[in-house]
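Visitor: Take this structure, written in structure tokens, and hold onto it; I'll ask about it next.
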Amino acid sequence: MIALLLAQAGVPLAPPAPPMIITTAPRLPGEQANTRPRFRVVVSVRAPEGLLWSGALWVSPRGPASWRQNMMEAPADECVPQNAFRSTTSNELNVQLNVLPSADPAGDGRISVSVRWSRPGSSPCGGIRTVELQEQARLDRRGPTILKGDGGLVVELRRD
């Protein structure tokens with residue numbers, strides 16, 4: 001009704017909205033929509049001192065999975081420098097899993113694994129030691145896949 005009144009008054013009408021175009025990401029050769037479901041990976045991360053973390057993460061070609069823990073604490077009293085706000089001790093663990101592309105529509109269980117472990121250095125007043133492991137692995141249902149990094153870091157992965 002309002003458009004009719006505006007047209008009679010000589011007010012130009014707005015042009016129609018352009019058509020909506022929706023695009024989708026290109027698929028890999030042989031990949032079909034929604035045929036590669038997510039799957040669960042049970043992860044254990046160990047160091048010489050013992051278990052750092054154990055849990056399960058869901059991964060799929062549509063998105064990675066990650067877990068992170070970070071603990072920061074004030075340093076020992078004898079270690080506090082004049083610039084005390086910058087002095088902390090830290091323990092950190094990051095785990096990230098990504099499903100790798102596959103031409104197999106059902107997926108072949110190949111994932112990229114990234115684990116980063118940081119801990120205080122051996123000096124009582126500072127320093128930090130970091131181990132980082134970045135590898136690709138194939139997970140199957142026959143048993144665990146074990147990856148070994150520097151500093152005694154061991155990552156065990158099992159497709160659930």
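Visitor: Give me the pairs, please: first residue somewhere in the range 51-62 and within 12 Å of residue 96 (Cα to Cα), second residue anywhere and open to solvent by 60 Å² or more (accessible area, probe 1.4 Å) and assigned to a loop (DSSP other than H, G, I, E, B), beta-carbon distance under 7 Å, and either six or more positions apart or on two chains.
Guide: The qualifying pairs are 56/160; 58/38; 59/38.
Visitor: Also, I was wondering about something else. Taking the range 115-158 as the region of interest, how many residues are within 19 Å of the chain's Cα centre (by Cα) and more than 21 Å from residue 94 (Cβ to Cβ)?
Guide: Residues that pass the stated criteria total 1.
Visitor: Is one or more of the residues making up the range 105-127 crowded, with 17+ Cβ neighbours inside 10 Å and at pLDDT below 75?
Guide: Yes, there is a match, as at least one residue in the range 105-127 is crowded, with 17+ Cβ neighbours inside 10 Å and at pLDDT below 75.
Visitor: While we're looking at this one, here's another question. Any idea how many residues of the range 58-78 are among the hydrophobic types (A, V, I, L, M, F, W, C) and open to solvent by less than 20 Å² (accessible area, probe 1.4 Å)? Give the derivation first.
Guide: Within the range 58-78, the subset among the hydrophobic types (A, V, I, L, M, F, W, C) is 58-59, 65, 67, 71-72, 74, 76.
Filter once more, so that each one left must be open to solvent by less than 20 Å² (accessible area, probe 1.4 Å): 59, 65.
Residues in the range 58-78 being among the hydrophobic types (A, V, I, L, M, F, W, C) and open to solvent by less than 20 Å² (accessible area, probe 1.4 Å): 2 in total.
The values are calculated or read from the model by the stated rules, or taken from the named source; none is laboratory data. Predicted model, so just to flag it, every value in this text is computed and none were measured. Please note: Cβ atoms are built from the backbone with ideal geometry, for glycine as well, and neighbour counts cover all protein chains shown. Heads up: the accessible areas ignore ligands, DNA and RNA and are worked out on the full protein's heavy atoms, side chains in. Shrake-Rupley method; radii C 1.70, N 1.55, O 1.52, S 1.80 Å.
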